[in-house]
């Protein structure tokens, strides 16, 4: 069962138009590129992506591209949100750690699909905006805090799944340490200019790493990431 009720659209183009654009986004950008998880597709049909960007950018909210959200950060391209979420293999019972709340859009998609989402954002203004948006939308299974995300959220650990929405030079050890046995982490790993979407499973206390596809994210800033 999906999570929160949808809010009314804020001032802007009609609600029906946004619903059509969401459906087109799912069919053309996700289904055609191999996103097959029905729950992920349903969540992305539901979550109003346009409410997570500035009003001036809402006409572009469902396009096949990232968009700026301020502070040098972006809301990820819809396909990237879809593939990362699909790779988590969520069933609805998991507690998920998200590193990089950003606008809160990926957080909302996770909240539709997981039991609980703990999201960490380094930039206080973005964390406050994401928290306010998610609260306004009625999500009650999401917690957002401001901190160095490379440390994870020790007080809430362990986690069944971890999603990192910024590029790391390597798998941050504190995050792996907070993953349950049999748990899974999805993150981009590489240099600041190009990365590989990477799946890390915890098997027998060790990392089982597999590569999915190429990607480009903003840098993961923090003690176990890149320097600011």
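Please arrange 207, 95, 223 by how many other C-beta atoms lie within 10 Å of their C-beta, fewest to most. Spell out each step's value before the answer.
Values: 207 13, 95 18, 223 10.
In order of increasing Cβ crowding within 10 Å: 223, 207, 95.
Based on the Cβ-Cβ distance of residue 17 and residue 39, what FRET efficiency does E = 1/(1 + (r/R0)^6) give at R0 = 22 Å, to the nearest 0.05?
Numbers: r = 25 Å, r/R0 = 1.15.
In this case the efficiency is close to 0.30.
Does the range 74-160 classify as rounded, prolate or oblate by the C-alpha gyration tensor (a ≥ b ≥ c root eigenvalues; a/c under 1.5 gives rounded; else a/b over b/c gives prolate, otherwise oblate)?
Details: a/c = 1.32, a/b = 1.12, b/c = 1.17.
Rounded, because the longest to shortest axis ratio a/c is under 1.5.
With a ≥ b ≥ c the root eigenvalues of the C-alpha gyration tensor of the range 69-228, is it rounded (a/c under 1.5), prolate (a/b larger than b/c) or oblate?
Details: a/c = 1.39, a/b = 1.12, b/c = 1.24.
It comes out rounded by the Cα gyration axes.
How much of the DSSP beta bridge set in the chain is antiparallel, as a percent to the nearest 5?
50 percent
Let me have the relative contact order for the range 66-215, percent, based on Cα pairs under 8 Å that are six or more residues apart. Before the final figure, lay out each step's value.
Details: 315 pairs, mean separation 27.2, N = 150.
For the range 66-215, the relative contact order is 18 percent.
Could you list the residues of the range 80-99 with an amide nitrogen less than 18 Å from a label point located 7 Å from the Cα of residue 136 in the Cα-to-C-beta direction?
Answer for the range 80-99: none.
Label residue 124 and residue 226 with points 7 Å out from Cα along Cα→Cβ: what is the distance between them in nm?
2.4 nm
How do the peptides 110-120, 183-193 rank, highest first, by the average count of neighbouring beta carbon atoms within 10 Å per residue?
Working: 110-120: 24.3, 183-193: 19.2.
Taking the mean over residues of other Cβ atoms within 10 Å, the ranking is 110-120, 183-193.
Would you please classify the overall shape of the range 18-127 from the alpha carbon gyration tensor, given that a ≥ b ≥ c denote the square roots of the eigenvalues, rounded means a/c under 1.5, and beyond that prolate means a/b larger than b/c while oblate covers the rest?
oblate
Based on the Cβ-Cβ distance from residue 55 to residue 91, what FRET efficiency comes out when R0 is 41 Å, to the nearest 0.05? Walk me through the numbers on the way to the answer.
On the way: r = 36 Å, r/R0 = 0.87.
So, using R0 = 41 Å, E works out to roughly 0.70.
Any read-out appearing in this document is the output of simple, stated calculations on the displayed coordinates, not a laboratory observation. As the structure is a computational prediction, the values presented were derived from the model and not from experiment. No Cβ is skipped: glycine too gets one built from the backbone with ideal geometry, and neighbour counts run over all protein chains shown.
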